[in-house]
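Visitor: Got a structure for you, questions after.
What follows draws every value from the coordinates through simple rules; no lab data is involved. Because the structure is predicted, anything quoted here is derived from the model rather than measured. Note that each Cβ is placed from the backbone with ideal geometry, even for glycine, and that neighbours are counted across all protein chains shown.
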Amino acid sequence: MLISFVRIITFALQNFWRNIWLSIATLSIIILTLISVSGLIFISVLTQEAIASAQQLIDLTITFKTDITADEIHSIDQTIKSSLPIESTTFISKEEALAKFKEFHKDDPSIQESLNALEENPLGNALVITANRIEDYPSIIAYFQQDEMQNKIQEFNKNFEKHELILEKMNLLTKRVQEIALVISGIFIVIAALIVFNTIRIAIYTHSEEISIMKLVGATNAFVRGPFIFESIFYSLAATLITLAILMPLLSLISPYISAFFNNSFDLATYFRQHALWIGLYEFLGITLLNLIATSFAIGKYLKI
């Protein structure tokens with residue numbers, strides 16, 4: 001059993017080296033297929049990270065009237081946290097709000113003079129609300145638009161509204177890019193399957209006399225098919241390892257530019273290193289299945305046993 005297995009592996013490697021240029025062409029197409037699939041994975045990761053980063057900038061700031069005390073606002077805070085889809089809230093006192101307002105307009109003398117002329121702080125306490133999802137903001141706003149709440153509110157700063165359109169466009173762009181990447185990956189997958197099919201077919205044709213002799217001396221169907229099956233698996237393994245070897249330095253090269261876009265909060269090269277084993281495993285299994293299907297068709301159509 002072990003001897004037969006070793007012979008099958010030996011014949012598979014011989015098939016690879018005897019048609020070296022065809023083997024290189026086959027490997028190249030499979031590698032391009034895996035790179036395109038990897039690109040699709042990275043596009044999905046980057047767009048999800050971009051959307052998550054954009055959502056972190058979204059909030060709803062509610063400034064209360066000056067006569068609404070901090071205790072009343074804390075009571076409102078506890079109520080909305082227990083009844084609304086809220087991720088977090090931040091209380092900003094009127095003193096903090098005034099200090100930030102002065103700092104923001106420090107280069108505007110007219111505003112500074114107006115503030116100095118006032119006898120009391122014109123700003124009220126504020127509550128900055130972050131929802132679980134962007135879709136949850138309308139329900140939060142609806143709560144504060146009730147008559148009893150309207151009497152307490154000085155101003156709504158609907159920060160999320162100007163980001164909502166951006167997020168919608170990002171989602172649409174993400175879908176379009178993923179569709180294009182999926183089409184490109186699909187084209188390479190079809191080409192890879194055809195190349196593997198023809199490679200195995202040529203190998204079968206080249207060894208047709210040897211196969212006839214093997215059958216005459218009692219070789220089993222499994223023994224005859226084995227080298228071609230293992231040859232297709234070898235293509236998958238080699239292509240996966242080469243793809244990972246190409247992606248590692250390539251991602252390290254472009255990763256600083258991507259990190260700068262995300263303000264160093266996300267590193268694509270680090271993500272790849274952390275998930276390289278699983279990415280490689282899934283790609284190997286996927287391309288192996290594809291190659292085995294193509295090989296089975298080639299053997300079934302051209303190998304008369």
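Visitor: Go through 252-264, 124-136 and give me the packing order, highest mean Cβ count within 10 Å leading.
Guide: Working: 252-264: 12.6, 124-136: 18.1.
Put in order of decreasing packing, that is 124-136, 252-264.
Visitor: Could I ask something else about it? If packing is taken as the average number of other Cβ atoms within 10 Å across a peptide's residues, how do 40-48, 23-31, 87-95 rank, most packed first? Present the calculation step by step, with values, prior to reporting the outcome.
Guide: Numbers: 40-48: 16.0, 23-31: 19.3, 87-95: 14.4.
Highest mean packing first, the order is 23-31, 40-48, 87-95.
Visitor: At each listed q (0.24 Å⁻¹), what is the log10 of I(q)/I(0) that the Debye formula gives for the stretch 66-151 modelled as equal alpha-carbon point scatterers?
Guide: Each listed q corresponds, in turn, to -1.15.
Visitor: What ³J(HN,Hα) values, in whole Hz, does the Karplus curve 6.51 cos²θ - 1.76 cosθ + 1.60 give for the stretch 129-135 when θ = phi - 60°, with x put for Gly and Pro?
Guide: Result, rounded to whole Hz: 10, 10, 7, 5, 9, 5, 5.
Visitor: Roughly speaking, what is the stretch gain from A25 to Q78, that is 0.36 nm per residue apart minus the C-alpha to C-alpha distance, in nm to one decimal?
Guide: On the way: separation 53, 0.36 × 53 = 19.08 nm, distance 6.56 nm.
Between A25 and Q78, full extension yields an extra 12.5 nm.
Visitor: Set the Förster radius R0 to 45 Å, insert the Cβ-Cβ distance between K102 and R273 as r into 1/(1 + (r/R0)^6), and round the FRET efficiency to 0.05.
Guide: According to the calculation, E is roughly 0.45.
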